[in-house]
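Remarks on the structure that follows.
We did not get these values from a lab; they are worked out from the coordinates using the rules stated. The shown structure was predicted, so the numbers you read here are calculated from the model rather than taken from an experiment. Don't worry about glycine lacking a Cβ; one is built from the backbone with ideal geometry, like all the others, and counts go over all protein chains shown.
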Protein chains: 2
Amino acid sequence: MRRDIFQAIADPTRRAIITLIAIQAMTPNAIAEHFDTSRQAVSKHLRILQECELIRPEQQGREIYYTLEIEKMKEIDQWLEQFRKIWETKFSQLDKLLVTLKKQ
Amino acid sequence: MRRDIFQAIADPTRRAIITLIAIQAMTPNAIAEHFDTSRQAVSKHLRILQECELIRPEQQGREIYYTLEIEKMKEIDQWLEQFRKIWETKFSQLDKLLVTLKKQ
DNA sequence: TATATTTGATACCAATTGGTTTCATAAGCG
DNA sequence: CGCTTATGAAACCAATTGGTATCAAATATA
């Protein structure tokens, strides 16, 4: 039950939910309408997303609007940072030159 | 069995393997030495990573060196792009000003 | 107040996952 | 050639996953 953000975005439906509510907060029913799956299934996805603090519920009467915690998404960005360094230097001007020289 | 990159990075061991071979290509045995798990378990992770083209095997005698396909990592970066737009504009100068004004 | 709506929680199920054990294959070495 | 080493593959297993069906609670509405 140890949930992390990488496990959360592994499921395509959850990724779609994230994208959906990134634009505007939505209720579980409204979200479920966008998918083939049931409301209950969506509700379970929402719980998982909430567990790792990717989304936040905002009660409004009997409806609950789920908002994306955009800041949490940065954790993925931070993990990517180490690789971004590699792919940026890998094709730097100097490297390109060396590759060119090697081929000659 | 249709694997995608998000499913691949969901497992912490696989993320560690990716980080490990990002620095330099390694053999399954060498990789397994870095973890508590067995060589066979690592082998299964490598197969999954290879299936979604995140790593590439390079046979060298009876050893196989696995190399990270750094370009593939960009797919995660591309998916993040949509959110990066949000978190960059969310705290832009104008927004900060509006928030400040609102609080007063 | 009685009924409908919105939602979460639980029990259950089939499929998938990550792991181990065991075996097969291929390459190096005495 | 036999033996060791490096590796993948297959069979099996317990735990987890994503789904459905059903129920309970809370809020709106007639």
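Starting from the label point of residue A:4 at 7 Å along Cα→Cβ, the same points in the other copies fall at 2.1 nm, in ascending order. Over what distance in Å are the Cα centres of the stretch A:1-66 and the stretch B:6-36 separated? Their Cα centres are 30 Å away from one another. When the chymotrypsin sites (Phe, Trp or Tyr not before Pro) in the stretch B:4-95 are filtered for DSSP coil states and for at most 14 other beta-carbon atoms within 10 Å of their beta-carbon, the remaining sites are B:91.
When chain A is turned onto chain B, its residue with the beta carbon nearest the axis, and that distance in whole angstrom, is A:10, 2.
In nm, what is the difference between 0.36 nm times the number of residues separating residue B:69 and residue B:56 and their Cα-Cα distance?
On the way: separation 13, 0.36 × 13 = 4.68 nm, distance 0.67 nm.
Separation in residues times 0.36 nm, less the Cα-Cα distance, equals 4.0 nm.
Inter-copy label distances at residue A:51, shortest first and taken from points set 7 Å along Cα to Cβ: 2.3 nm. For residue A:19, the point set 7 Å out from Cα toward Cβ sits 2.8 nm from its twins in the other copies, listed from shortest up. For the stretch A:8-22, backbone phi angles converted through the Karplus equation (6.51, -1.76, 1.60; θ = phi - 60°) give residue-by-residue couplings of 5, 8, 5, 7, x, 5, 5, 4, 5, 4, 4, 4, 4, 7, 5 Hz, Gly and Pro being listed as x.
Taking label positions 7 Å along the Cα-Cβ direction at both residue A:35 and residue A:84, the computed distance is 2.9 nm, reported to one decimal.
Taking amide hydrogens as placed 1.01 Å from N in the peptide plane, the amide H of residue B:55 sits under 5 Å from those of B:50, B:69, each at least 5 positions away in sequence or on another chain. Comparing B:49, B:16, B:31 along the charge dipole axis of the stretch B:1-55, the residue lying farthest to the positive side is B:49, per the Cβ-charge model.
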